[in-house]
């Protein structure tokens, strides 16, 4: 799974990336600070199943605090996008190519309206952030349309000569271009009424409609309405939610989240990403540190109950992509050979079955699958048994 962070320059996009990953990344008050994509690891938050077994887990990857499991996901922060990017303006072509394999896009916008369409600073409230939402989708879809139009002539010829169904001829191409899965392509074809129509016969209007539909299912977008500590942000967010009821729009302060995580890493405070409070551990704080923490407490956490950054990542993975967390375990014990309890947890795509989890653990487990066991209930499960979030599964194979 890959999470793509997108947006125009100077909206706090790279700060959002740093808040997720705690990685150093160049950030400055001018457009195109990010040229090459920053890659890192964020962590989604999920209630750990160790409480069910009345124990404490020892994760091999990620971490667990207060029985909250943080599971790693790959994150990429790409160059800022400006209007005209689909035609090569700014770093547009590079930006769009970098996002090919992203499963979901988090679009960071300046909710305060203090940056114009180019990402240049302006007076807070003077720019309408709704325009950011519109132009990003338009640029992605224009870019895709141009690519599709150039390549679909050749694909249509292949289809006619080899007499292949539309879905099949699109599978390989769209997987390499967008990472689109079979079910996503079929969904877009059905909504476009193009399932049974050969590609060579598509009109430009039909291709554009299909482009929009495949973008929706292949590259869903979650809006990170950033800079909520600035004037006009709250009013702008309320207006955007009314204007775009179909979108997931979540208020956030990337700067506050980064500050809290950095303070937690320095053992100044005790803080869990996604929590509504923090505990000060050091007594000898400077006046500047006290003022910064008090500002975050009063203006962010008390008003919004969290910084929003963790919620955006969790929503992207668990609600938009609908992934589930599944633990390998055993009915005779939850530890590995080194004594680590519940050391692993895997994020699985929606619709995953027991056999899919077997292959996830090891190819041989999938090939030689005999049965699965629900460790919580001790029930025997067949290979087609659908999995759900926080299942703990033992795989029994022939080897």
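Every read-out reported here was derived from the displayed coordinates using simple, explicitly stated rules and does not represent laboratory data. Everything numeric in this text was worked out from a predicted model, so none of it was measured. As a convention, Cβ positions derive from the backbone with ideal geometry for all residues, glycine included, and neighbour counts pool all protein chains shown.
Estimated at 0.36 nm per residue, the fully extended path between residue 243 and residue 117 surpasses their Cα-Cα distance by 43.5 nm. Under a Gaussian network description of the chain, with springs only between Cα atoms under 10 Å, the residue in 60, 69, 45 that fluctuates furthest is 60. The packing ranking, built from the mean of other Cβ atoms within 10 Å per residue, places the peptides 9-21, 110-122, 250-262 in the order 9-21, 250-262, 110-122, highest first. Considering only alpha-carbon pairs that sit under 8 angstrom and 6 or more positions apart, the relative contact order computed for the range 228-339 is 25 percent.
Of 129, 273, 343, which is the most mobile in a GNM of the chain whose springs link Cα atoms less than 10 angstrom apart? Comparing 129, 273, 343 in the GNM, the peak value goes to 343. The range 349-399 and the range 39-58 have Cα centres separated by 20 Å. Relative to the current alpha-carbon distance between residue 396 and residue 319, full extension at 0.36 nm per residue lengthens the span by 24.6 nm.
Beta bridges from DSSP with both residues in the chain: antiparallel share about 60 percent, rounded to the nearest 5. Extending 7 Å from Cα along the Cβ direction at residue 204 and again at residue 331 yields two label points whose distance is 6.4 nm. Length gained on full extension, residue 371 to residue 389, computed as 0.36 nm times the residue gap minus the Cα-Cα distance: 4.5 nm. Can you tell which of 46, 54, 340 shows the greatest fluctuation in a Gaussian network model of the chain with Cα springs below 10 Å? Sorting by GNM fluctuation, first place goes to 54. For the pair the range 133-209 / the range 271-345, the C-alpha centres are spaced 40 Å from each other.
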